[in-house]
1. Label points 7 Å out from Cα along the Cβ direction at THR199 and ASP233: separation in nm?
2. Would you list which aspartates and glutamates come within 17 Å of LYS249, measuring only between C-alpha atoms, while excluding same-chain residues fewer than 8 positions from it?
3. Cα centroid distance between segment 93-129 and segment 208-230, in Å?
4. Rank the residues VAL30, VAL162 as a footprinting-exposure proxy: fewest other Cβ atoms within 10 Å of their Cβ go first.
5. Starting from 0.36 nm per residue, how many nanometres of slack lie between LEU247 and HIS111 once their C-alpha separation is accounted for?
6. Per residue of segment 226-231, what does 6.51 cos²θ - 1.76 cosθ + 1.60 with θ = phi - 60° give for ³J(HN,Hα)? Whole Hz please, x for Gly and Pro, Karplus curve as stated.
7. Using mean Cβ contacts within 10 Å as the protection proxy, how do 174-185, 92-103, 211-222, 140-151 order, highest first?
8. Given segment 86-195, report the % of alpha carbon pairs whose separation exceeds 23 Å.
Amino acid sequence: MDTFPLLPYIQRNLSVIIFLVLAVGGMFAVYGYFSPEGVSESVQAVTTTGDRLTLSAPISKPISGREVSQRFAQSTPPLAVALIVGHQGSDSGAVCEDGLTELAINTDLAHRARDLLAAQDVDLMLFDEFDVRLTDFAGTALISIHADSCGDYGPTTTGFKVAGSSRADSAALVSCMEQAYGDATGMGIHVNTITTHMTDYHAFRKIAAGTPAIILETGFMLLDREMLTTNADIPAKGIAEGILCFLGK
Ligand SMILES: [Zn+2]
């Protein structure tokens, strides 16, 4: 292999070499013209807050120990709590021999609960059973109220029950409603009649996934009749307080 032809190489690239030499020289000239002390001081003024005497600029910029908070405070979304008046706009639901309907009970309880919540500045929207607003409803909570059959199935057909949607974390809403409704009415939970009609409730599948939802069977129309009619203000208070509990109020 031949030795590298240095001289012809320099001649061929003379203009580039002259440019590089001038550029390096120019940089030193500019650096010298602006005093190095002045440069390092201004760098330090930017990067440090303390009195540093070294000329080296720190790599990291010191920041205060204060926690950095979000630049824009996240505004809380408006409350959107909806309550389905069981069977409203569809049918009467269960019917007693004397003509008392489940729809009448559901409607009365819903209106009383809405009024109680309005007094607490909570707007409760009342939905029909198959309300068009259920489709993709993305709210704070959805509660559907129903009452159990008026049939005579013996002395154990008394009590209420709550079933939550499995398409969202509804555990907090279930537990708030169980606690508040049980406390207000003194009724027990009638667990063994929770059916797939409750757990696979049609509205659970219509609303937006992620919206906590429950269905509440407020009691049996035969044995709990007095509580659901004459004393309707008591279960209505339980419903309202279950919602307030969930809202953290
Ligand atoms: Zn019903």
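1. 3.8 nm
2. Here the aspartates and glutamates satisfying the reach criterion relative to LYS249 are ASP115, ASP121, ASP123, GLU178, ASP183, GLU241.
3. 10 Å
4. Going from least to most buried by this count: VAL30, VAL162.
5. 47.0 nm
6. Values, residue by residue: 5, 4, 7, 10, 4, 9 Hz.
7. Numbers: 174-185: 19.4, 92-103: 16.3, 211-222: 25.0, 140-151: 22.7.
Top to bottom by mean Cβ count within 10 Å: 211-222, 140-151, 174-185, 92-103.
8. Here the long-distance tail beyond 23 Å is 34 percent of all Cα pairs in segment 86-195.
Laboratory data are not the source of any read-out in this text; all were calculated from the coordinates shown. From a predicted model like this one, the values you see are computed outputs, not experimental measurements. Backbone-built Cβ (ideal geometry, glycine too); neighbour counts: all protein chains shown.
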